[in-house]
Amino acid sequence: MKRVEEIFFRTLMYGAVLVITGLLFLIIYSIISKGASSLSWEMVSQTPRGGYYFGKEGGILNAIIGSLYLSAGATALAFFISLPVALGMNIYLAKYRRMVNGLRFILDLLWGVPSIVYGAFAFSIMIMVGARASLMAGIITVGVFIVPIMIRAMDEVFKTVPRGLTESALSLGATFTETSFGVLVRQCAPGVVTALLLGFGRGIGDAAAVLFTTGYTDYIPGSLSQPAATLPLAIFFQLGSPIEEVRERAFAAALLLTLIILLISVITRILSNRFNKNRINF
Amino acid sequence: MNNPKIKIQGLDLHIHKQHILKGINLEIPANKITVIIGPSGCGKTTLLKTINRLTDEYSGVKHSGSITIDGIEVLNTRNGLTEIRQKAGLLSQRPYPLPMSIFNNVAYGLKISGRKRKSALRPRVEHLLRMASLWEEVKDRLNDPAASLSIGQQQRLCLARGLAVNPDIILADEPTSALDPLSSQAIEQKFQELSGQYTIVMVTHILRQARRIADYVIFMYLGEVIEFGSAEEFFSNPKHEKTKAYLSGVFN
């Protein structure tokens, strides 16, 4: 009986691994097979010319730059909000356990709210104050929508720090702030980086929140008050085209988006491993 | 006692609805080793952590009564938490080195207590590591992560780090319970050497350790102080029935 149980769960486990990796490779295969042939230097180095969306010349540099500006800005904004909140939940407010758990619950709810709702909310505010779609509006909207993700991701990491470590810093007379940045952040650097990446990934991949707030343009934004193009929307618009060539370009853009995320993940991983040297394994 | 370092009067402490410390009255003498013994869960650690106000960080803690260090109230004050904790450092059950290099672990204490000049740090760090008998073992690898040390070395590192902030009092919560016999011996020896300059309050589960190093002994049972006296008297002539029972190993 024990053996059957063992075999059953092992099969289940291998099955799950197979399905997940299979799906991943299927996605990558489909964007490569459909998009790789359209990927060209022209595509990443030029903005759309007249008739680009009908298969004529040009590229999507506007969307690449726009996406990078937008997600970098939103990630930075969200990080400066999330880090203090996550630290506060685990240091300053740690003893008010009920309140912190309530906060966690609310953040989890916010995490679950679809990004289009954030987009619609931001749009309604923009209408109220008479603002137009701009890079700034996009950065704020996306920033707000990745804040709960980042806070909870960091919070989960800070939670793993043993109480004794925080106590020993406090016993030395360290203030809450000194303990937070000197000890918690250091100990959790790789986790903080993961949270950052998670936020960045959600930000750069999101189409719904930027649809109303950032708009779309064929130009590279020159200031925060101008609208900006983003890769997910570039994919979305091109994929709906009746022209085969344009649809292939959509897949090329998807491939590009995947590559950007991959590149940034690898770079930050390498950087965070450097900080990891002094981590204590409890 | 004519000159107690720490004076505890009528200390009661509740965590949520549990009565953890009940009417504690103690006068802990300066520059001696005072050992707290008693069965598990009798409030030893809580008493220790109340002295440097670490209990502030726990949820649902309510206390009444008073604790003074050198005649200055530490329990019922909103100010100077940092100073109180620097005055009474804590050495915990198992070492918790900070996630930084060996050197920086010790320098951290110096830095947060306001000594920031780099040139002044190094000799101080060396002095402190020597005080904790760790210098010879780590002098060639000061920039290695603290985690690369053995547990016994880590505990001595924590001692050096604790001494860096210039405490008067060392609170030690079973500081040898995670250590091998040799490292335990090193810590005990250190405590005996340091007891001339520092007031040491140590919780232990090991009766033999208490016999070896205690100048004074406190016996606690279910949140109350049952007996307190000089080690000699305590061990040779315990007055209370419960103390006698504990010393003969009836309950643990």
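A straight line joining the Cα centroids of segment B:20-80 and segment B:149-226 runs 17 Å.
Sparsely packed loop sites in segment A:1-97 (the chymotrypsin sites (Phe, Trp or Tyr not before Pro) outside DSSP H, G, I, E and B with at most 10 other Cβ atoms within 10 Å) do not occur. Cut-off under 15 Å on the C-alpha distance; same-chain residues fewer than 8 positions from A:K277 excluded. Which aspartates and glutamates are left, in chain and number order? The reachable aspartates and glutamates, counting only those whose Cα sits under 15 Å from A:K277, are B:D144. Using the Karplus relation 6.51 cos²θ - 1.76 cosθ + 1.60 with θ = phi - 60°, the per-residue 3J(HN,Hα) values for segment A:221-238 come to x, x, 8, 5, 8, 8, x, 9, 8, 9, 4, x, 6, 4, 5, 4, 5, 6 Hz, with x marking Gly and Pro.
The fraction of Cα-Cα pairs per 10 angstrom bin, counted from 0 for chain B, comes to 7, 31, 35, 21, 6, 0 percent, rounded to whole percents. Output the pairs from B:K62/B:K242; B:K5/B:K242; A:K95/A:K159; B:K49/B:K87 with a Cα-Cα distance over 20 Å in this structure; if there are none, say none. In this structure, B:K62/B:K242; B:K5/B:K242 exceed 20 Å between Cα atoms. Beta-bridge orientation, chain B: approximately 60 percent antiparallel, per DSSP, counting only bridges with both partners inside. Applying the criteria of a DSSP loop state and at most 11 other Cβ atoms within 10 Å to the trypsin sites (Lys or Arg not before Pro) of segment A:176-282 yields no site. Note on B:89-96: average number of Cβ atoms from other chains within 10 Å of each residue's Cβ is 5. Summary of packing: across the peptides B:40-49, A:124-133, the per-residue average of other C-beta atoms within 10 Å ranks them, highest first, as B:40-49, A:124-133. Here segment B:152-203 is described by how far its Cα atoms reach on the three principal axes: 27, 17, 17 Å, from widest to narrowest. Over segment A:41-276, the pair-distance histogram of Cα-Cα distances with 5 Å bins from zero comes to 1, 7, 13, 15, 15, 14, 11, 9, 6, 4, 3, 1, 1, 0 percent, rounded to whole numbers. Given +1 at the Cβ of Lys and Arg, -1 at the Cβ of Asp and Glu and no other charges, the dipole of segment A:41-276 around its Cα centre is 700 debye to the nearest 20. For segment B:113-183, the list of trypsin sites (Lys or Arg not before Pro) that fall in a loop by DSSP and count at most 16 other C-beta atoms within 10 angstrom reads B:R115, B:K116, B:R117, B:K139, B:R141. Counting Cβ atoms of other protein chains within 10 Å of each Cβ in B:159-165 and taking the mean gives 2.
For the cross-link pairs B:K44/B:K244; B:K44/B:K118; B:K17/B:K190, the ones whose C-alpha atoms lie over 29 Å apart are B:K44/B:K118; B:K17/B:K190.
Legend: mean number of C-beta atoms from other chains within 10 angstrom of residue C-beta atoms, peptide B:97-110, equals 4. Our summary of shape: the Cα atoms of segment A:50-150 have principal axis extents of 62, 27, 22 Å, ordered from largest down, in whole angstrom. Between the C-alpha center of segment B:117-148 and that of segment A:88-114 there is a gap of 40 Å.
Could you tell me what % of all Cα pairs in the protein assembly as shown have separations over 46 Å? Roughly 35 percent, once rounded to a whole number.
Throughout, read-outs are computed from the coordinates displayed, never taken from laboratory work. The shown structure was predicted, so the numbers you read here are calculated from the model rather than taken from an experiment. Cβ: placed from backbone, ideal geometry, glycine included. Neighbour counts: every protein chain shown.
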